[in-house]
Amino acid sequence: MTYEKVTNNKLTRGGSRFFCVGTPFAIIMALHLLSRSLTGLLVESSSMIQPRTFSVSAVAAAIQKMTRVRVVDNSSLGNTPWHRPPRVIHVYTKNGVGKVGDRVLLAIKGQKKKALIVGHKMPGERMSPRFDSNNVVLIEDNGNPTGTRIKVPLPTHLRKVDGDYSKVLAIANSFV
């Protein structure tokens, strides 16, 4: 980029800096040329800026605090209609994000109940099912399920998850 040199109220091209002799005309011309070069710089940089796309991170789609869930067993507490859906109030993991096989604490009908996550919306590993809703099964403190039947298919990799979920697996109708 070449600059214009100001000497004795005359402008000449080719200089590497502005030389102002002290006349008001020279100062005004130098500021005008500087603003023109900055405008060109701003136009060039704004054309390089690309619009950002919005994406939801994986943690936002997983089961965490205040997530609405669906109780999929036939327990009386989970099937009676209520004006508020059950919500997760605590996840028993280190990072606070629940996956299939993790225990959570639910607020359901004004009570606190423990539950087991048996399906979630977030895509997991390869060859693991992704559900349309966040499914949980109500369990007691010792791990026994509250209901006697599970109405939805359970993922098969729940069999390999650490923990004693044999009674939950026993009352399941089908596996995916």
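The values are calculated or read from the model by the stated rules, or taken from the named source; none is laboratory data. On a predicted model such as this, the values are computed, not experimentally measured, just so you know. As a convention, Cβ positions derive from the backbone with ideal geometry for all residues, glycine included, and neighbour counts pool all protein chains shown. These accessible areas exclude ligands, DNA and RNA; they are computed on the full protein's heavy atoms, side chains included. Shrake-Rupley method; radii C 1.70, N 1.55, O 1.52, S 1.80 Å.
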Inset, instruction - Using a 1.4 Å probe and ignoring any ligands, DNA or RNA, find the accessible area of Phe25 and quote it in Å² to the nearest 10. - result: 100 Å²
Legend entry - Net charge contributed by nearby residues that have their C-beta within less than 11 Å of Gly78 (K/R +1, D/E -1): +3
Inset, instruction - Compute the signed sum of charges (Lys and Arg +1, Asp and Glu -1) over the other residues within less than 13 Å, Cβ to Cβ, of Lys113. - result: +2
Inset, instruction - First select every other residue whose beta carbon is under 11 angstrom from the beta carbon of Tyr92; then total the charges, Lys and Arg +1, Asp and Glu -1. - result: +2
